[in-house]
Amino acid sequence: MNENLFASFAAPTMMGLPIVILIVLFPSILFPSPDRLINNRLASIQQWLIQLTSKQMLSIHNHKGQTWALMLMSLILFIGSTNLLGLLPHSFTPTTQLSMNLGMAIPLWAGTVITGFRYKTKTSLAHFLPQGTPLPLIPMLVIIETISLFIQPMALAVRLTANITAGHLLIHLIGGATLALMDISTTTAFITFTILILLTILEFAVALIQAYVFTLLVSLYLHDNT
């Protein structure tokens with residue numbers, strides 16, 4: 001049972017070779033560069049959504065922060081499309097892997113921290129020690145603030161991994177329960193199937209929300225350091 005339950009989270013292979021890289025690169029096909037003077041409806045909707053999201057996310061940033069616009073928009077598009085594609089049957093979701101999420105979170109977090117120490121050195125150092133701290137508490141607060149700073153990328157990665165993995169496990173469990181109940185009670189099977197449909201719709205929303213939350217937190221880290 002455990003093997004079947006977590007089989008969908010194993011890295012897929014083809015002829016003994018891992019194909020995770022191809023899966024990670026696949027979402028880029030969904031967002032082709034427009035090469036026509038007048039875009040079609042799909043390209044126009046994509047551009048409208050990107051402009052709306054970038055306007056909302058970058059409105060709090062100064063000029064230095066707005067230079068990260070391409071990085072932030074690419075990040076939210078990649079995570080969102082990867083999460084949605086992972087909801088297809090017999091598919092693989094790379095964002096359920098903690099190693100991949102850490103691979104995204106750590107460089108982005110490190111980039112914001114390095115930017116802060118480069119352009120706002122005094123302000124960045126001041127975050128480690130709040131104003132008016134009693135002298136005996138200074139060493140303890142510096143240690144706590146340092147730990148909280150280094151926990152930020154782990155929190156980013158774990159939040160995304162836990163939410164996507166939990167949703168997939170629930171869909172798998174309820175789907176298996178629905179198949180098992182079809183031979184026992186048709187009414188109960190219909191109820192669980194209805195719950196499965198509602199949960200699937202919820203997971204589509206979670207897939208987009210988690211992409212937005214991940215990118216928004218990176219944007220807030222950037223805002224604190226620019």
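The values are calculated or read from the model by the stated rules, or taken from the named source; none is laboratory data. Just so we're clear, the structure is a prediction, and the values are computed from it rather than from any experiment. No Cβ is skipped: glycine too gets one built from the backbone with ideal geometry, and neighbour counts run over all protein chains shown. These accessible areas exclude ligands, DNA and RNA; they are computed on the full protein's heavy atoms, side chains included. Shrake-Rupley method; radii C 1.70, N 1.55, O 1.52, S 1.80 Å.
Across the stretch 92-104, the qualifying residues are those that are open to solvent by less than 40 Å² (accessible area, probe 1.4 Å) and not in a helix (DSSP H, G or I), and the one among them that is nearest to residue 160 (Cα to Cα) is 93. Of the residues in the stretch 143-158, at least one is at pLDDT 80 or above, more than 13 Å from the chain's Cα centre (by Cα) and of a type in the set (Phe, Trp, Tyr). Can residue 198 be described as out of contact with any Phe, Trp or Tyr (no Cβ under 7 Å at 6 or more places or on another chain), among the hydrophobic types (A, V, I, L, M, F, W, C) and in contact (Cβ under 8 Å) with a residue 12 or more places away in the chain? In short, no.
Here the condition is being part of a helix (DSSP H, G or I), open to solvent by 50 Å² or more (accessible area, probe 1.4 Å) and closer than 15 Å to residue 210 by Cα; of 142, 158, it holds for 158 alone. For residue 73, state whether it is modelled with pLDDT of 85 or more, touching a helix residue (DSSP H, G or I) at 6+ places or on another chain (Cβ under 6 Å), of a type outside the set (Val, Ile, Thr) and assigned to a helix (DSSP H, G or I). Considered against the rule, which asks whether it is modelled with pLDDT of 85 or more, touching a helix residue (DSSP H, G or I) at 6+ places or on another chain (Cβ under 6 Å), of a type outside the set (Val, Ile, Thr) and assigned to a helix (DSSP H, G or I), residue 73 comes out as yes. Is it the case that the stretch 122-138 has a residue that's within 30 Å of residue 225 (Cβ to Cβ), assigned to a helix (DSSP H, G or I) and in contact (Cβ under 8 Å) with a residue 40 or more places away in the chain? Looking through the stretch 122-138, at least one residue is within 30 Å of residue 225 (Cβ to Cβ), assigned to a helix (DSSP H, G or I) and in contact (Cβ under 8 Å) with a residue 40 or more places away in the chain.
Residues that are open to solvent by 60 Å² or more (accessible area, probe 1.4 Å) and under 20 Å from the mean Cα position of the chain (by Cα) were ranked within the stretch 105-121; the one that is nearest to residue 62 (Cα to Cα) is 107. Residues in the stretch 174-217 that are surrounded by 13 or more Cβ atoms within 10 Å (Cβ to Cβ), under 17 Å from residue 93 (Cβ atoms) and hydrophobic (A, V, I, L, M, F, W, C): 199, 202, 204, 206, 207, 208, 209, 211, 213, 214. Residues being under 30 Å from residue 112 (Cβ atoms) and not acidic (Asp, Glu) are entirely absent from the stretch 188-201.
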